[in-house]
């Protein structure tokens, strides 16, 4: 599965990057590709490209604030979760997302 994700918390510091790391580690462990864009105090980092959106199966939005440039993601399936879920339960989230995608492809 090709996953793209955005993490963003109100202050745009610790939780944003903790969620990024948790999602990356879980995706790697489960054998999936992932790119995580952070939107925080320093702006957008690791920005997701139009080509990456086209190749992605799902967008995980682990955000507690509005995101910049959200129009890039109008055509992709999305999962919206609290940032704490990404930090605490990233692996379970990705497994659940994987199952939902399989169900919609039947």
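The values are calculated or read from the model by the stated rules, or taken from the named source; none is laboratory data. Predicted, not measured: the structure shown is a model, and the values here were computed from it. FYI the Cβ positions are ideal-geometry reconstructions off the backbone, even for glycines, and counts take in every protein chain you see.
Residues being part of a helix (DSSP H, G or I) and either farther than 19 Å from residue 81 by Cβ or out of contact with any strand residue (DSSP E or B) (no Cβ under 6 Å at 6 or more places or on another chain) (or both): count how many of those fall in segment 25-55.
11
Quick test for you: out of 33, 25, 80, pick the one residue that is surrounded by 14 or more Cβ atoms within 10 Å (Cβ to Cβ) and closer than 17 Å to residue 97 by Cβ.
On the way: 25 fails: surrounded by 14 or more Cβ atoms within 10 Å (Cβ to Cβ); 80 fails: surrounded by 14 or more Cβ atoms within 10 Å (Cβ to Cβ).
Selected residue: 33, the only one of 33, 25, 80 that is surrounded by 14 or more Cβ atoms within 10 Å (Cβ to Cβ) and closer than 17 Å to residue 97 by Cβ.
May I ask you to verify whether residue 97 is surrounded by 17 or more Cβ atoms within 10 Å (Cβ to Cβ) and either out of contact with any strand residue (DSSP E or B) (no Cβ under 9 Å at 6 or more places or on another chain) or part of a helix (DSSP H, G or I) (or both)? Before the answer, list the steps.
Values: surrounded by 17 or more Cβ atoms within 10 Å (Cβ to Cβ): yes; either out of contact with any strand residue (DSSP E or B) (no Cβ under 9 Å at 6 or more places or on another chain) or part of a helix (DSSP H, G or I) (or both): yes.
Answer is yes for this residue.
Which pairs turn up if I take residues in segment 73-84 that are on the phi > 0 side of the Ramachandran plot and assigned to a loop (DSSP other than H, G, I, E, B) and look for partners that are surrounded by 14 or more Cβ atoms within 10 Å (Cβ to Cβ) and at pLDDT 95 or above with beta carbon separation below 7 Å, at least 6 apart in sequence or on another chain?
Qualifying pairs under 7 Å: none.
Inspect all residues belonging to segment 6-14 and state whether any of them is in contact (Cβ under 8 Å) with a residue 40 or more places away in the chain, within 13 Å of the chain's Cα centre (by Cα), assigned to a helix (DSSP H, G or I) and surrounded by 14 or more Cβ atoms within 10 Å (Cβ to Cβ).
Checked segment 6-14: no residue is in contact (Cβ under 8 Å) with a residue 40 or more places away in the chain, within 13 Å of the chain's Cα centre (by Cα), assigned to a helix (DSSP H, G or I) and surrounded by 14 or more Cβ atoms within 10 Å (Cβ to Cβ).
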